[in-house]
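First comes the structure, then the notes that go with it.
None of the figures in this text is laboratory data; all of them are computed from the coordinates on show. All values derive from a computational prediction rather than experimental measurement. Neighbour counts run over all protein chains shown; Cβ positions are idealised from the backbone, glycine included.
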Amino acid sequence: MSRKISVVIPTYNEEAYIGRCLNSLVNQTLNRDAYEIVVVDGGSADRTVEIAREYADIVIMQQSKGVGGARNDGVALSSGEIVAMTDADIVLPDNWLERIYDDFSGDGVVAVYGPIIPIESRFKYRLLIGMFNKLVHIAAYLKVFYATLGSNTAILKDVFERIGGYTDMSAGDDYEIARRLKEEGIIKYDPELYVWFSMRRMEKYGVIRALYIWAMNLWASKRGTAAKVNYTRQIYRYNRYR
């Protein structure tokens, strides 16, 4: 395959989750030589970096602001023609990367993304995420909004660099980037490009609070302004790990 994919994962104190995520990545149907794994750590005080080193091709410490900055740091050191974004608490189906590769075969496609499925199989989460996925699908079909979640989005690297990558918005940066991507070409929504998504933030903040944060971030990204509420991520000095 001519196109190599780089998977970029921001982390911060994710020792309870990162191993499961990375294990799903090293067991993909796509040949391991066809992709690389880049972990960008925000200065974890636990075993996150140690675990990441067991699986990832590159592990670095974040030097740029925000989770968007962490993704930008990872892309800057990546070698793939496609950069795929996910999070440390996500579990990937074994055909995730192969499907991403196939989705870029269409003319003019600059980015692809897909739905999320809750790992925690509680009825309220299945209902909420099911409704969210339907809204995302409809919005993509009508071309009114692209929910390019940082947990399940891939972008052509040259396009990513041309538009300047993610902003340093405290939250909603993964929605905001779609505003610029759509000027570069086709943003493709693939309903079969799913990932298993942790609902731990809903567990932590409660459903109403989590939905409020999501709605405010969406509104801010639509307007291109900073989110008023966010999940915090600290900033750390850059250092390369080997």
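If each residue's Cβ is checked for other Cβ atoms within 10 Å, how do Met169, Met61 rank with the fewest at the top? Walk me through the numbers before you get to the answer.
Numbers: Met169 23, Met61 19.
Lowest to highest Cβ neighbour count: Met61, Met169.
As an exercise, identify the GluC sites (Glu not before Pro) in the range 145-183 lying in DSSP coil whose Cβ has no more than 12 other Cβ atoms within 10 Å. Before the final figure, lay out each step's value.
Working: sites: Glu161, Glu176, Glu183; in loops: Glu183.
The qualifying sites are Glu183.
Using 1/(1 + (r/R0)^6) with R0 = 45 angstrom and r between the beta carbons of Phe123 and Ser79, what's the FRET efficiency to the nearest 0.05?
Efficiency, from the Cβ-Cβ distance: 0.55.
Taking 24 Å as the cut-off for C-alpha to C-alpha distance, list the pairs among Lys65/Lys134; Lys65/Lys124; Lys157/Lys188; Lys65/Lys157 that go past it.
Working: Lys65/Lys134 32 Å; Lys65/Lys124 34 Å; Lys157/Lys188 16 Å; Lys65/Lys157 20 Å.
Over 24 Å apart, Cα to Cα: Lys65/Lys134; Lys65/Lys124.
Along Cα→Cβ, 7 Å out, is where each label goes; now give me the distance between the ones at Asn31 and Ile186 in nm to one decimal.
The answer from the label model is 2.7 nm.
Can you put Leu181, Leu128 in order of Cβ neighbours within 10 angstrom, beginning with the fewest? Mind showing how you got there, number by number?
Values: Leu181 21, Leu128 17.
Starting with the residue having the fewest Cβ neighbours, the order is Leu128, Leu181.
Between the range 9-63 and the range 87-164, what is the separation of their alpha carbon centroids in Å?
Going from one Cα centre to the other spans 20 Å.
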